[in-house]
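J.: The structure is given below, and queries will be raised subsequently.
The values are calculated or read from the model by the stated rules, or taken from the named source; none is laboratory data. No experiment lies behind these values; they were computed from the predicted model shown. Because the Cβ atoms are built from the backbone with ideal geometry, glycine has one as well, and the counts that use them run over all protein chains shown.
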Amino acid sequence: MLYPQVNATRMVTSLDGFWQFQVADQKAIDLHQPLPAPLTMAVPASFNDQVVDQTLRNHDGYFWYETTFNISKLQKTQRNVLRFGSVTHSAVVYINGHEAGRHQGGFTPFEIELDDYIQVGKNDLKVQVSNLLDNTTLPSGELTQQAGQYHVTPRFDFYNYAGINRPVKIFTTNKQVHIDDVVVKYHTDLHQTNVLPDIKITGNYHHLTLQIIDEANNVVVQNNSASTTTIKPLLLADTHLWQPRHAYLYKLAVMIYDANDELLDTYEQTFGIRTVKIAHNQILVNDQPIYLKGFGRHEDFPVIGKGMNQAVINHDHNLMKWLNANAFRTSHYPYSEEEMQLADRDGLLVIDETPAVGLFVGFSASMAMGQGQVNTWQTLKTQAAHQQVIREMITRDQNHPAVLMWSIANEPASQQVGAHEYFAPLVQLTKQLDWQKLPVMAPKIMVATPDVDRIADLFDVIALNRYYGWYADFNDLTKAKQDLQNEIKAWHQKYPDKPIIFTEFGADTLSGMHSLAREPYSEEYQLDYYQMNLAVFDEFDYVVGELLWNFADFATPTGLIRINGNRKGIFTRDRQPKDIAYLLKKRWAHK
Ligand code: GCB
């Protein structure tokens, strides 16, 4: 899926700004009239923390957004497409009172063809948004209704921020013929690279030209072709590789022409050349073993919630680079396209995760080690949604060299009967959709130990979320150390060829709390906890990654063990370092 761009044939208008907003179900809204009693709401951002009223902040159900936009005579001669970066969790879009499209799933973009609905001059855009989650959606939640009021109990601990979280744009293309997709496929021996892109075009054209442009803006290779099916490979004789923390980005320019050499449409797709392999329990990037240093994170910041904000993203990347990190996981949903573009440029490796979180019925994040009594795989009906989120994530992100692996679920009930049957087709689908065949993983919950887990054989990497010294062996780091060592050895014994990475480990820590007794919640305990864990990882050369939980403190619903959010951050929510940050910086300079 192409990210909107302005070029010789395309225009982009941003619809970001102050919109109208109102909580209401469908019956209360006249689609041909303005919202009757709206508040102002900034887009992009979650609605929740923009309002003062707490009932509104925590509203579960339906709500409406409205704005207007103008279309010029000239623009009406083009094809107009409305594009949402994401609407959390589902959207029905109305243009001038008519339904023009809908989308389920809160973390991937969708497009709506506008030409049948818009007019020259002023147009009305309404979006009915829902933040409801149930047994069929991803993320997964428990939905109840009482006296006509919905109530969602999320099966995850982050606050269920919702709304129009990412940018809204209208882009134009030529009406009759346009480039719909560009997938930059290539084969490289790390010196010579043959680039053979997959290009989708709607409409008739006479011929196309392809160019690869390097970082100095030189055209390094060019091809002409009569059609997308007869493209000859473009040879990069002296490939400049994309390396972790040393990014190098090329662009593939596609131009399509009519018989008179008149340009009909054009698009420039950024890409990088790198390989990813798993061999002898190591992860190889460009044939070199890589050790992952970094974080599980959240899109989460005061006031904007899960809204896309480029300054926050840039600052987070600068903090990660300052600590000498090289990787992060998009826990627990695909992050914004803008962030993925920056990861490409910053050379940060990304474990790209679907929103398949909460696939464990009865497990409560706030009770931490509670065991589900219900069989998840008989209760949940998420297979269709799961296929969709995998498809949408890969379609959106396959051109990003930063993507190292696909994480298709976080902490599913992989020890319960039915888990293997549920995941086997999903892993197969992931491999089938991804031409690169990047490694596939799904981080494991603590109760999914090697003796009871049923799905590790399906995946390329053993990804562990482990909290020895916190949820298990609380305040007993000696016992925690033994248990951690034992579990690592047990996984290795069972799957000697698979690399092991720690996708989560951490301890809640109140910034500024100090304890001579080095007690839990203090900065001292966080230091001791991490020093123990990191020392254990260093004992095993098949442990090839440490992604700490979490990069920063983040918002959660209030809970018994969630006081003002999840406090496992290395940084506070406003990005001030806890003591542990300096230890990491030192360690990662040499690791
Ligand atoms: C986990 C979850 C993560 C939670 C974390 C915690 O295992 O994957 O979403 O935030 O534990 O802190 O409890």
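J.: What residue, of Y582, Y525, Y529, is within 13 Å of the ligand (Cβ to nearest atom), at pLDDT 95 or above, farther than 20 Å from N160 by Cα and among the hydroxyl-bearing types (S, T, Y)?
T.: Y529
J.: Turning to a different aspect of this structure: In the stretch 552-563, which residue that is in a loop (DSSP other than H, G, I, E, B) and in contact with a strand residue (DSSP E or B) (Cβ under 8 Å, 6 or more places away or on another chain) is nearest to the ligand (Cβ to nearest atom)?
T.: T556
J.: Residue by residue through the stretch 375-423, note down the ones that are of a type in the set (V, I, T), within 16 Å of the chain's Cα centre (by Cα) and in a helix (DSSP H, G or I).
T.: Across the stretch 375-423, the qualifying residues are V389, I390, I394, T395.
J.: Inside the stretch 195-297, counting only strands (runs of 3 or more DSSP E) that do not spill past its ends, which hold 1 or more residues that are within 24 Å of E337 (Cα to Cα)?
T.: 198-202, 207-213, 250-257, 263-271, 276-279, 282-285, 292-296
J.: Output the number of residues of the stretch 453-471 satisfying the condition of being within 16 Å of the ligand (Cβ to nearest atom) and basic (K, R).
T.: So the answer is 1.
J.: So Q415 passes all but one of these: (1) closer than 28 Å to I580 by Cβ; (2) surrounded by fewer than 23 Cβ atoms within 10 Å (Cβ to Cβ); (3) within 15 Å of the ligand (Cβ to nearest atom). Which condition number does it fail?
T.: Going through (1) closer than 28 Å to I580 by Cβ; (2) surrounded by fewer than 23 Cβ atoms within 10 Å (Cβ to Cβ); (3) within 15 Å of the ligand (Cβ to nearest atom) one by one, Q415 breaks only (1).
J.: What about P450, is it over 30 Å from L2 (Cα atoms), without any contact (Cβ under 8 Å) to a residue 60 or more places away in the chain and within 16 Å of the ligand (Cβ to nearest atom)?
T.: No, not satisfied.
J.: Within the bounds of the stretch 488-499, is there any residue that is of a type in the set (A, V, I, L, M) and either within 16 Å of the ligand (Cβ to nearest atom) or surrounded by fewer than 17 Cβ atoms within 10 Å (Cβ to Cβ) (or both)?
T.: Within the stretch 488-499 (the criterion being of a type in the set (A, V, I, L, M) and either within 16 Å of the ligand (Cβ to nearest atom) or surrounded by fewer than 17 Cβ atoms within 10 Å (Cβ to Cβ) (or both)), the answer is yes, since at least one residue qualifies.
J.: For a quick check of your reading of the model, give me the residue pairs whose first member lies in the stretch 564-576 and is part of a loop (DSSP other than H, G, I, E, B) and hydrophobic (A, V, I, L, M, F, W, C), whose second is near the ligand (Cβ under 10 Å from one of its atoms) and modelled with pLDDT of 95 or more, with beta-carbon atoms closer than 7 Å and at least 6 apart or on different chains.
T.: none
J.: Related question: Since F537 meets every condition but one in (1) buried (at least 18 other Cβ atoms within 10 Å of the Cβ); (2) within 15 Å of the ligand (Cβ to nearest atom); (3) hydrophobic (A, V, I, L, M, F, W, C), which condition does it not meet?
T.: With respect to (1) buried (at least 18 other Cβ atoms within 10 Å of the Cβ); (2) within 15 Å of the ligand (Cβ to nearest atom); (3) hydrophobic (A, V, I, L, M, F, W, C), F537 is out only on (2).
J.: Only strands (runs of 3 or more DSSP E) wholly contained in the stretch 111-192 count here; list those with 2 or more residues that are within 18 Å of N80 (Cα to Cα) and touching a residue at least 24 places away in the same chain (Cβ under 8 Å).
T.: 121-130, 168-173, 178-183
J.: Still on this model: Any residue at all in the stretch 264-271 that is in contact (Cβ under 8 Å) with a residue 40 or more places away in the chain, in contact with a Lys or Arg (Cβ under 7 Å, 6 or more places away or on another chain) and farther than 22 Å from N399 by Cβ?
T.: no
J.: Something else about it: Collect the residues in the stretch 397-412 that are among the hydroxyl-bearing types (S, T, Y) and more than 16 Å from the ligand (Cβ to nearest atom), keeping them in residue-number order.
T.: none
J.: May I pose another question? Just one of (1) in contact with a Leu (Cβ under 8 Å, 6 or more places away or on another chain); (2) within 16 Å of the ligand (Cβ to nearest atom); (3) over 24 Å from K27 (Cα atoms) trips up N135, so point out which.
T.: (2)
J.: Then there's this: Mind checking which residues of the stretch 435-447 are away from the ligand (no atom under 16 Å from the Cβ) and either in contact with a Cys (Cβ under 6 Å, 6 or more places away or on another chain) or of a type in the set (V, I, T) (or both)?
T.: V440, the sole residue that qualifies.
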